[in-house]
């Protein structure tokens, strides 16, 4: 059986993110190097995602060397789909065969989920029978808005994709 996974804000290759801190001054990503960070994310990804699975990446895929990314990306299991983030080079990511599909959002009516990069206004989540749960990224270690929101930024998921069934059951 094929699974569907969701992850956001990997920022592969982003050296400067290792210096980012939260409001308390704590490092947001506590890795000794960008290589350690990237390898941890590759290992964690492949520990749950099987070759035939689908992975929805909710944006901000890389923030570094495109040449290094071209070597790293094929090592990740699954067929990948991109929901574009604010730091994504859409032309590069959509033309390199990295993703099967590139979209601005994805609605899973059968799961009651709206996948986006940024948290959406509450009005975008209503109007359906039971409303939608907004699965999003963008905010890194910060809390999601109250209500029907769940952040899947790597900082909040132990740098590991989350199974869509887990997100669906939560709501």
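The values are calculated or read from the model by the stated rules, or taken from the named source; none is laboratory data. Quick caveat, the model's predicted, so the values are computed rather than measured. Methodologically, a virtual Cβ is constructed for each residue, glycine included, from the backbone with ideal geometry; neighbour enumeration extends over all protein chains shown.
Modelled with pLDDT of 95 or more and in contact with a strand residue (DSSP E or B) (Cβ under 6 Å, 6 or more places away or on another chain): which single residue out of 9, 67, 43 fits that description? Exactly one of 9, 67, 43 is modelled with pLDDT of 95 or more and in contact with a strand residue (DSSP E or B) (Cβ under 6 Å, 6 or more places away or on another chain), namely 9.
Within the stretch 111-126, restricting attention to residues that are in contact with a helix residue (DSSP H, G or I) (Cβ under 9 Å, 6 or more places away or on another chain) and outside any strand (DSSP E or B), the residue that is nearest to residue 154 (Cα to Cα) is 116.
Residues checked against (1) closer than 24 Å to residue 44 by Cβ; (2) surrounded by fewer than 13 Cβ atoms within 10 Å (Cβ to Cβ):
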site: 62; (1), (2): yes, no
site: 100; (1), (2): yes, yes
site: 120; (1), (2): no, no
site: 124; (1), (2): no, no
site: 133; (1), (2): yes, no
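Evaluation of residue 87 against the conditions (1) assigned to a strand (DSSP E or B); (2) under 19 Å from residue 34 (Cβ atoms) shows that the sole unmet condition is (1). Restricting 91, 66, 54, 80 to residues that are more than 15 Å from the chain's Cα centre (by Cα) and in contact (Cβ under 8 Å) with a residue 24 or more places away in the chain narrows the list to 66. Could you please let me know if residue 108 is at pLDDT below 95, surrounded by 15 or more Cβ atoms within 10 Å (Cβ to Cβ) and more than 13 Å from the chain's Cα centre (by Cα)? Judged against the criteria, residue 108 is a match. Looking across the stretch 16-60, the residues that are assigned to a helix (DSSP H, G or I) and over 17 Å from residue 73 (Cα atoms) come down to 16, 17, 18, 19. Filtered by the rule that a residue be more than 21 Å from the chain's Cα centre (by Cα), under 14 Å from residue 140 (Cβ atoms) and modelled with pLDDT of 90 or more, the stretch 21-35 gives a lone residue, 26.
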